[in-house]
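The structure under discussion appears below in the form of structure tokens.
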Amino acid sequence: RCPFHQEKTPSFHVWPETGTWKCFGCGVAGNAFTFLMQREGLRFHEAVRQLAGEAGIQLPEDDDPEASRRAARLDGLRRVMEWACTHFQAMLREPGDEGERARAYFKRRGITGPTARDFRLGYAPPGWDRMILAAQRDGIPEQDLLEAGLVIAREGKSGVYDRFRDRVVFPIADAQ
């Protein structure tokens, strides 16, 4: 069935030998790049990079030093966000009242353990500095947490505090 419109009978066809596809129901057609661009809302160069990465093909880097610096910074922020996701998942599995409250909440909402694992759901425990302390233990700089939006700078004072406190966490994963 076509991923671009609702239909009752399949009308989407892929020709692997040419790397093309077409929906005979809505008329959209293209190749792997256009599929990813339409399905994920990517620009062409983003689709090329994603497909190259999935295929294990290394693309040449841009010669622009500023673009290289931005790309390196984004990679660093992605690592911080991945660390945070893993941290929140661990807090959900933590024994004791805090993790149990979050697990009970998920259970009441019909979310099972396997679903929570598949979607990488987590829990941010109460407290103003729980994530900050965990990040310090793991060598994550405060500035990276701030730039990623995981902590908030105190107004009129030095230091930061955790953005997420005493709440379940649903990570968002996309090409950006």
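The values are calculated or read from the model by the stated rules, or taken from the named source; none is laboratory data. What you see is a predicted model, and the numbers here were worked out from it, not measured in a lab. Note that we place each Cβ from the backbone using ideal geometry, even for glycine, and neighbour counts take in every protein chain shown. With ligands, DNA and RNA removed, areas are computed over all heavy atoms of the protein, side chains included. Shrake-Rupley method; radii C 1.70, N 1.55, O 1.52, S 1.80 Å.
Among the residues of region 128-176, write down those that are surrounded by 18 or more Cβ atoms within 10 Å (Cβ to Cβ) and farther than 15 Å from Met91 by Cα. Within region 128-176, Ile140, Asp144, Leu145, Ala148, Leu150, Val151, Val160 qualify. Applying a threshold of 8 Å to beta carbon distances and a minimum spacing of six or more residues, or different chains, the list of pairs starting in region 147-160 at a residue that is within 17 Å of Leu74 (Cα to Cα) and of a type in the set (Gly, Ala, Ser) and ending at one that is open to solvent by 50 Å² or more (accessible area, probe 1.4 Å) and at pLDDT below 95 reads Ala148/Met81.
Residues of region 86-107 that are surrounded by fewer than 17 Cβ atoms within 10 Å (Cβ to Cβ) and within 16 Å of the chain's Cα centre (by Cα): Thr86 alone. Exactly one residue out of Pro60, Pro10, Pro3, Pro16 is exposed (fewer than 15 other Cβ atoms within 10 Å of the Cβ), farther than 30 Å from Gly149 by Cβ and in contact with a helix residue (DSSP H, G or I) (Cβ under 7 Å, 6 or more places away or on another chain), and it is Pro3.
As a summary of the residue check, Ala72 satisfies the conditions (1) open to solvent by 50 Å² or more (accessible area, probe 1.4 Å); (2) farther than 30 Å from Pro141 by Cα; (3) among the small types (Gly, Ala, Ser) except for the one numbered (2).
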